[in-house]
Amino acid sequence: MKYRDTRDPSRQVSFGEAVLRGMDPETGGLYIPLSLPELPRSFLLRNPVPSFRDIAYEVSRPFMEGEIPDEELMAIIADAYPFTAPVTPIDPTTYVLELFHGPTCAFKDFGARFMARMMSWFNRNENEPLHILVATSGDTGSAVGSAFHGVEGIDVTILYPEGKISPLQEKQLCTFDGNVRALKVSGTFDDCQKLVKTAFTDEALRAKLRLSSANSINISRLLPQSFYYIYGSLLVRDRCRYDCKIDDPSLIVTVPSGNFGNLTSGLMARKMGAPIRGFIAATNSNRTIPDWLQTGEYKARPSVSTLSNAMDVGAPSNFERMSAMYSLEEARSVIAGYWTDDAGTMEAIRSCNKRTGYIIDPHGAVAWKAWDDVRNGAMRDLLSGRSNAPGKPGLVGCPETAPEWAKDCSDKTCVGLILETAHPAKFGETVKEAIGRDPSLPERLEKVLTLPDRSSPMSTDYQEFKAWLLANL
Ligand SMILES: *Cc1c(COP(=O)(O)O)cnc(C)c1O
């Protein structure tokens with residue numbers, strides 16, 4: 001499979017090049033696959049539903065054909081995914097796809113672990129190790145650190161702003177050993193990012209060390225996220241028959257979104273044949289994409305902080321991919337836009353728990369609220385012209401921009417799948433404030449609290465950072 005640049009379709013690279021480069025350094029564009037292979041009907045209709053790993057293998061094969069041998073790919077998938085994505089019903093027509101069963105308890109494990117193994121594979125013939133530098137304001141750092149931990153030929157240095165992330169997040173970053181190190185920088189997230197960016201442009205340093213980044217724009221982080229959409233939608237279709245006597249559900253997947261990598265992967269899965277009728281793009285007050293769907297104009301803006309802070313993105317980098325793959329009209333026909341504020345998020349954690357017993361984290365709560373509103377009249381109101389007032393949280397749009405599946409919402413065959421992107425214990429304080437008790441801490445998070453802190457202090461001075469890199473890598 002070839003991959004093309006979003007900005008100049010004539011610039012094409014192999015999978016290996018796309019993985020190692022991340023983005024096109026000359027145009028600044030991102031890579032997308034030239035085409036999306038359709039999954040055979042025999043595979044989509046297989047009974048019982050194939051395992052998560054079987055789906056991962058079948059789906060990924062064509063994307064790296066001729067570059068990674070089949071048995072190697074199978075071994076990589078087994079190593080990357082000792083966990084899966086369980087589907088849990090929480091009410092008669094709502095399922096939750098739990099994406100927090102990986103080592104860091106967030107959905108980024110799915111993408112980061114696959115990417116780490118792809119980079120290691122394509123780096124295998126190099127004598128010198130690849131040094132990955134990441135600046136993090138929280139979750140990304142631990143997913144990347146954990147994903148690369150113990151991976152051959154690569155080491156990782158994580159920079160984070162000291163005192164500006166949650167104590168649990170800090171523990172997750174500072175307790176790696178071996179090939180993953182953390183630097184606590186006496187500054188802000190922007191200072192961390194500046195140190196990393198300066199290192200990447202420092203020719204003298206690059207002559208000595210092979211540097212790379214592991215950010216969310218890498219195509220090998222997006223591809224594996226399509227696995228769980230296919231797995232989850234097949235499972236729901238299968239279960240509906242028994243759970244709610246619906247044979248051919250109109251399945252609506254609600255995605256709590258920030259940078260829109262997750263939703264982009266969902267759009268890819270749908271094109272490949274996943275039985276998904278439509279999506280709800282659910283955001284917090286950072287509503288750049290819902291606004292785009294509503295007005296047709298894309299306006300990036302500074303991010304505002306919210307309770308679902310992993311979604312605090314004002315200029316989502318994957319908009320570039322979404323708009324290279326879908327025109328505005330096509331996007332509108334598949335995706336409904338929805339947003340809510342912090343009050344709505346708190347209310348959603350509470351209502352989800354009260355009505356279903358399920359404890360949901362602040363990110364998943366945004367998705368729950370979107371789905372629950374849409375099925376309980378928000379879409380009907382929109383279709384009848386009683387749409388939401390501009391600037392007010394809720395479902396956005398008007399009858400003309402409503403998705404093709406809008407009418408299904410009042411239909412008995414409409415079923416929802418909500419993506420739960422983090423374990424509620426990662427945001428225990430917010431959850432406790434909403435429901436009055438602490439979510440239970442999974443063992444892998446509890447363990448991390450007792451491990452020794454191995455991080456090193458760092459100032460915001462580039463020369464000091466450079467000297468540290470040269471002495472320690
Ligand atoms: C990163 C993240 C998101 C947002 O995902 P995008 O792919 O950036 O849209 C949502 N929830 C959690 C918990 C995350 O860590």
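The values are calculated or read from the model by the stated rules, or taken from the named source; none is laboratory data. All figures in this text were calculated on a predicted structure; none of them were measured in a lab. FYI the Cβ positions are ideal-geometry reconstructions off the backbone, even for glycines, and counts take in every protein chain you see. Please note that ligands, DNA and RNA were not included when accessible areas were found on the heavy atoms of the full protein model with its side chains. Shrake-Rupley method; radii C 1.70, N 1.55, O 1.52, S 1.80 Å.
Listed values, structure above:
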{"quantity": "Mean accessible surface per residue for segment 85-473, computed with a 1.4 Å probe while every protein chain stays in place, in Å²", "calculated": "38 Å²"}
{"quantity": "Difference of contour (0.36 nm per residue) and Cα-Cα distance, F83 to R7", "calculated": "23.7 nm"}
{"quantity": "Under 5 Å, built H, 5+ apart or other chain: amide partners of L417", "calculated": "Y95, I252, V253, T254"}
{"quantity": "Calculated from backbone phi, Karplus (6.51, -1.76, 1.60) coupling profile of segment 290-296 in Hz, x at Gly/Pro", "calculated": "x, 5, 4, 4, 6, 9, x"}
{"quantity": "Theoretical FRET efficiency, 1/(1+(r/R0)^6), r = Cβ-Cβ of K197 and E347, R0 45 Å, to 0.05", "calculated": "0.70"}
{"quantity": "Karplus-derived HN-Hα couplings along segment 398-403 (A = 6.51, B = -1.76, C = 1.60, θ = phi - 60°), whole Hz, x at Gly and Pro", "calculated": "8, x, 5, 9, 5, x"}
{"quantity": "Restraint check, K197/K432; K164/K299; K2/K369; K164/K432, Cα-Cα greater than 31 Å", "calculated": "K197/K432; K2/K369"}
{"quantity": "Rounded percent of accessible protein surface that carbon and sulfur make up, the chain, 1.4 Å probe", "calculated": "48 percent"}
{"quantity": "Charged-residue dipole, Cβ positions (Lys, Arg, Asp, Glu), segment 122-281 about Cα centre, Debye nearest 20", "calculated": "440 debye"}
{"quantity": "Phi to ³J(HN,Hα) by Karplus 6.51 cos²θ - 1.76 cosθ + 1.60 over segment 423-438, Hz, x for Gly, Pro", "calculated": "6, x, 5, 5, 10, x, 4, 5, 5, 5, 4, 7, 10, x, 8, 7"}
{"quantity": "Gained length - C398 relative to S305, 0.36 nm times residue gap less alpha-carbon distance", "calculated": "30.7 nm"}
{"quantity": "Value of relative contact order over the chain, rounded to a whole percent, pairs C-alpha under 8 Å and six or more apart", "calculated": "17 percent"}
{"quantity": "Relative contact order for segment 1-84, counting Cα pairs under 8 Å that sit 6 or more residues apart, in percent", "calculated": "27 percent"}
{"quantity": "Sorted peptide list for 347-356, 167-176, criterion being average Cβ within 10 angstrom, highest first", "calculated": "167-176, 347-356"}
{"quantity": "Mean Cβ count within 10 Å, highest first, over the residues of peptides 424-435, 381-392", "calculated": "424-435, 381-392"}
{"quantity": "Inter-part distance where segment 405-462 and segment 323-368 are each reduced to a Cα centre, Å", "calculated": "15 Å"}
{"quantity": "Highest average packing first - 439-448, 293-302, Cβ atoms within 10 Å", "calculated": "439-448, 293-302"}
{"quantity": "Distant-in-sequence amide H partners of L211 (H built 1.01 Å from N, under 5 Å)", "calculated": "H131"}
{"quantity": "Alpha carbon centroid spacing (whole Å) that separates segment 229-292 from segment 1-72", "calculated": "20 Å"}
{"quantity": "Spin-label model distance (nm) - T188 vs E429, 7 Å beyond Cα toward Cβ", "calculated": "2.0 nm"}
